[in-house]
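Report on the following structure.
The values are calculated or read from the model by the stated rules, or taken from the named source; none is laboratory data. Worth saying up front: this structure is predicted, and the values here are computed from it rather than measured. FYI the Cβ positions are ideal-geometry reconstructions off the backbone, even for glycines, and counts take in every protein chain you see. Areas reflect the complete protein model, heavy atoms only, side chains present, ligands, DNA and RNA absent. Shrake-Rupley method; radii C 1.70, N 1.55, O 1.52, S 1.80 Å.
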Amino acid sequence: MVADADPKETLKQRLDNARNALIGKVEDLPEREARMPRTPTGTNLIGIVKHCLNVEAIYLGDTFGRPFPQTDELIALDRYEVDPQADWYATQDETVAGIVDRYRRVIAHANATIDALELDAVGHVKHWGDTPVTLHEIATYTYGDIAQHAGQADILREGIDGAVGWMSRDHNVPPNVDFPAYVAKLTALAERF
């Protein structure tokens with residue numbers, strides 16, 4: 001990192017990289033593929049995006065008294081009492097494109113929060129018992145959460161159509177690798193134990 005880099009711009013850039021990696025794993029998939037549960041607990045690609053948009057709306061919005069303007073487009077906290085997984089899947093009335101659009105609007109709102117406040121600004125996370133946090137603390141926490149979910153999405157997407165790499169348009173996977181041979185090599189190593 002450059003010594004005179006603006007810390008808020010660095011945070012937004014890192015957040016945007018993770019967000020774009022996540023969105024890139026779902027936005028070009030057909031509805032069925034994006035919605036299909038891929039793990040025994042029902043994890044699905046569009047559900048990860050929907051979860052992240054709700055997380056960001058809370059942490060980089062509500063926490064600092066800056067609620068996302070279209071609150072009716074988010075999962076209300078009392079809804080989790082009825083369906084604890086409410087933010088982990090697309091309903092019948094939602095689309096992949098609609099959820100991605102909503103996430104992009106939440107991202108713009110979250111970035112505006114970062115722009116509007118100092119990094120030492122204090123907010124309160126209601127579902128953490130009204131715990132006080134600084135913008136710096138919650139922005140880095142959110143980055144970690146989004147990056148983790150982008151990694152999950154990367155693995156799920158590989159299982160769908162073999163697409164791998166950091167973002168769909170920016171592969172960071174070595175070219176010309178014989179992956180079946182590589183997997184066979186790793187399998188043989190693992191079987192020795």
Search result, residues across segment 38-83 that are in a helix (DSSP H, G or I), open to solvent by 70 Å² or more (accessible area, probe 1.4 Å) and among the β-branched types (V, I, T)
T71, V82
Would a scan of segment 149-160 turn up a residue that is in contact with a Cys (Cβ under 9 Å, 6 or more places away or on another chain) and either of a type in the set (S, T, N, Q) or modelled with pLDDT of 95 or more (or both)?
yes
I146 vs. criteria in contact with a strand residue (DSSP E or B) (Cβ under 7 Å, 6 or more places away or on another chain), open to solvent by less than 40 Å² (accessible area, probe 1.4 Å) and within 16 Å of A18 (Cα to Cα)
no
Of the conditions (1) more than 15 Å from the chain's Cα centre (by Cα); (2) open to solvent by 80 Å² or more (accessible area, probe 1.4 Å), G162 satisfies every one except a single condition; which number is it?
(2)
Filter segment 110-124 down to the residues that are surrounded by 18 or more Cβ atoms within 10 Å (Cβ to Cβ) and among the β-branched types (V, I, T) and list them by number.
T113, I114
Out of all the residues in segment 78-101, is one or more closer than 27 Å to L156 by Cβ, among the aromatic types (F, W, Y) and modelled with pLDDT under 95?
yes
Number of positions in segment 83-142 that are β-branched (V, I, T) and under 19 Å from L15 (Cα atoms):
11
Of the residues that make up segment 94-104, is at least one surrounded by 12 or more Cβ atoms within 10 Å (Cβ to Cβ) and polar (S, T, N, Q)?
yes
Quick check on segment 159-169. Is at least one of its residues among the hydroxyl-bearing types (S, T, Y) and in contact with an Asp or Glu (Cβ under 7 Å, 6 or more places away or on another chain)?
yes
Pick from segment 1-37, criterion loosely packed, with under 15 Cβ neighbours inside 10 Å and of a type in the set (S, T, N, Q), ranking: farthest from H149 (Cα to Cα):
T10
First in segment 84-97 and within 15 Å of K25 (Cα to Cα) and of a type in the set (S, T, N, Q), second anywhere and assigned to a loop (DSSP other than H, G, I, E, B) and open to solvent by less than 70 Å² (accessible area, probe 1.4 Å), Cβ under 7 Å, 6 or more apart:
none
Tally up the residues in segment 1-37 that are over 12 Å from the mean Cα position of the chain (by Cα), of a type in the set (A, V, I, L, M, F, W, C) and in a helix (DSSP H, G or I), please.
2
